[in-house]
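What follows is a set of notes on a single structure, which appears directly below.
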Amino acid sequence: MPRILYLDIDTLRPDHMGCYGYKRNTTPNLDKVAAEGMVFENYYCSDAPCLPSRAALVSGQFGIHSGIVGHGGTAADRPLSGAGRGFQDLSERDNLFYLFRKSNMYTASISTFPERHSAWWFNAGFKETHNVGGGGMESGEEVLPVALDWINRNKDREDWFLHLHIWDPHTPYRAPADFGNPFGDEPLPNNWITEEIFEKHLQKAGPHSPRDISGHGDKEDPKYPRHPGSLKNLAEVKNFIDQYDCGIRYADHLLGQVLDLLREQGVYDDTAIIISSDHGENMGELGLYAEHATADNGTCHIPMVIKWPGGATGRDKGLRYNFDLVPTMAELLGLPAADAWDGKSYAELVLKGKGNAGHEHLILSQQCHVCQRSARFGDWIYIRTIRDGFQLFDDEMLFNLKDDPYQINDLKEERPDICAQGAKILLDWHEEMMKTSDREVDPMWTVYKEGGPFHANNSQLEAYIKRLENSERAPAAQKLRERYADVLKD
């Protein structure tokens, strides 16, 4: 069994990486790995953002099955197994990282994710864990020495698995000041936000709209000067995207040193390398910036690159979930699949460049900022919103991602036939999920009944409306009062 290095780069949009066609030089080191492996072009997290995504990745299940869909409240914890629990909980032994233990590999993780989200189940399967103690607010230069030291100490092992997690592309953008802005003099490669589009965004209500980058306001933190509190014009939009790209480039710079160390030790070619992320980032899509707050393409589309010793190189266009990695790794390791997994193995694709064509469609969920589910099929994404997180989204939206990758033109009025197709996909999926669930209640409805999504909870509504009423966005405040009349009267 080869050494396996999993590079977990938080909040990394694939379309901001060179290997996915981005014209800025954000990922030169990761691109070299991609050239030697398989690049998955249509890879998605089933449940966004951070906590639900990694719960799906580790468990091999949709959030509706694992029970983890939120960032707070009941649906942020894994339900207890109850009376049927054995001496050990099978939900931990059948997770992603325990597969490597079952293969007698030495397993380690360098991550602050479990502490940040009280998600200690994430550590199941690791013999060794390292937490630098920043709760996800640390910059990568705190993590890099731990990673280099670990690789040096284990250079004589031939059977290790290391999960290495860094947060630098995540808000608040935090690359050190002396890293500068290598993109300051470069235009935006995908400059789709026009004056007209941005003016509409400026009038928009909702956390993380241009006037509310920090959430429900425009507060700035002097500790993070790269992260603005608001965006007032297109020059500030460019600088904001520059800072996100700086976070990516800085992460690549750090991880390049890890990859160089493997080369110096002479083990790089024999090491399997996986590059992925938990979710993407809103970069103006649907009028949101600097957050991962929707069940759309910008938030749920993630990178996946696998360089497997002796394996295939190339590009895969199939629709795939992040939790497909669990049965894939089981097959690569020669282990049986678990009945509870929702994923579909693509191991033959990794090894031989051929295999299953992916899923016919995908279901994407977001219950932390909105209560929203989407169907991704063909060229389309159909988005259905149950609770809009103060964004004033329509109940349904439809976008053609081939013609409109930034989701500018909602086509629901022009294409009711495609909306009907997307709605049926969602309905059929939901019925199948509930038939095969251990729970009687969809955790999305738990979030709804507990006051809505954690980051836009009903308890925060009145204060946010008053903020809008004291600004030029008073018409949006009135619309929120009308839409949330049931909440405000209580």
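Relative to the Cα centre, the charge distribution of the stretch 355-418, modelled as +1 at Lys and Arg Cβ and -1 at Asp and Glu Cβ, gives a dipole magnitude of about 340 debye. Charges were assigned to the Cβ only: +1 to each Lys and Arg, -1 to each Asp and Glu. The resulting dipole of the stretch 3-359 about its Cα centre is roughly 580 debye. Rg ratio for the stretch 225-362: its Cα radius of gyration over 2.2 N^0.38 Å, N being its residue count, equals 1.30. Partner aspartates and glutamates whose Cα lies under 18 Å from the Cα of K352, excluding those fewer than 8 positions away in the same chain, are identified as E36, E41, D269, D270, D316, D324, E331. When a/c reaches 1.5 or more, the comparison of a/b and b/c decides; with that in mind, is the stretch 244-286 rounded, prolate or oblate per its Cα gyration tensor? Judged from the Cα gyration tensor, the stretch 244-286 comes out oblate (a/c at least 1.5, b/c at or above a/b). Annotation for the stretch 196-257 versus the stretch 1-77: alpha-carbon center distance of 21 Å.
A cut-off under 13 angstrom between Cβ atoms defines the neighbours of L319, and their net charge, with Lys, Arg +1 and Asp, Glu -1, is -1. Legend: helices of the chain (whole DSSP H runs) are marked when their alpha-carbon atoms reach 30 angstrom or more along the helix axis and their mean Kyte-Doolittle hydropathy is at least -1.0; marked are 234-264. For the stretch 82-118 versus the stretch 425-490, the spacing of their alpha-carbon centroids is 33 Å. Hey, what did the chain get for relative contact order, percent, Cα under 8 Å, at least 6 apart? It rounds to 23 percent for the chain.
Here the Debye sum runs over all C-alpha atoms of the stretch 1-124 as equal scatterers in vacuum, and log10 of I(q)/I(0) at q = 0.14, 0.18 Å⁻¹ comes out as -0.75, -1.12.
One equal scatterer on each Cα of the stretch 363-459, no solvent, Debye formula: the resulting log10 I(q)/I(0) at q = 0.10, 0.11 Å⁻¹ is -0.29, -0.35.
Rg and Dmax of the stretch 417-490, both derived from C-alpha coordinates alone, stand at 17.2, 49 Å. Bin all alpha-carbon pair distances of the stretch 102-240 at 10 Å intervals from 0 and give each bin's fraction as a whole percent. Bin by bin from 0 Å, the calculated values are 10, 29, 27, 20, 12, 3. Counting beta carbons within 10 Å around each of K307, K219, K344 and listing the fewest first gives the order K219, K344, K307.
In terms of the mean number of neighbouring beta-carbon atoms within 10 Å, the peptides 328-339, 220-231 order highest first as 328-339, 220-231.
Take E472, project a point 7 Å from its Cα along the Cβ direction, then tell me which residues of the stretch 220-237 have their backbone nitrogen under 12 Å from it. Only 232-233 fall inside the zone, counting backbone N under 12 Å. Taking 19 Å as the straight-line reach from the Cα of K127, the lysines in range (excluding those fewer than 8 positions away in the same chain) are K102, K155.
For the chain, taking the reciprocal of the average inverse distance between every pair of different Cα atoms yields a Kirkwood hydrodynamic radius of 22.9 Å.
For the chain, adding -39500 (n - 2.57) for each run of n ≥ 4 DSSP H residues and dividing by the number of residues yields -9000 deg cm²/dmol at 222 nm.
Of all DSSP-defined beta bridges confined to the chain, some 50% are antiparallel rather than parallel. Restricting the calculation to Cα atoms, every distinct pair contributes to the Kirkwood radius of the stretch 1-54, found to be 12.8 Å. Listed by chain and number, the lysines placed with their C-alpha closer than 22 angstrom to that of K238 are K23, K200, K204, K219, K223; residues fewer than eight positions away on the same chain are left out. Distance from the alpha carbon centroid of the stretch 140-185 to that of the stretch 320-399 works out to 28 angstrom. Taking amide H as placed 1.01 Å from N in the peptide plane, D316 has its amide H under 5 Å from the amide H of V39, F40, E41, each at least 5 places away in sequence or on another chain. Hull volume per residue, based on the alpha-carbon atoms of the stretch 329-369 and their convex hull, is 117 Å³.
All of the numbers you see were taken from the coordinates with simple rules; none came from a lab. The structure displayed is predicted, hence computed values, not measured ones. Ideal geometry is used to build each Cβ from the backbone, glycine not excepted, and the neighbour counts take in all protein chains shown.
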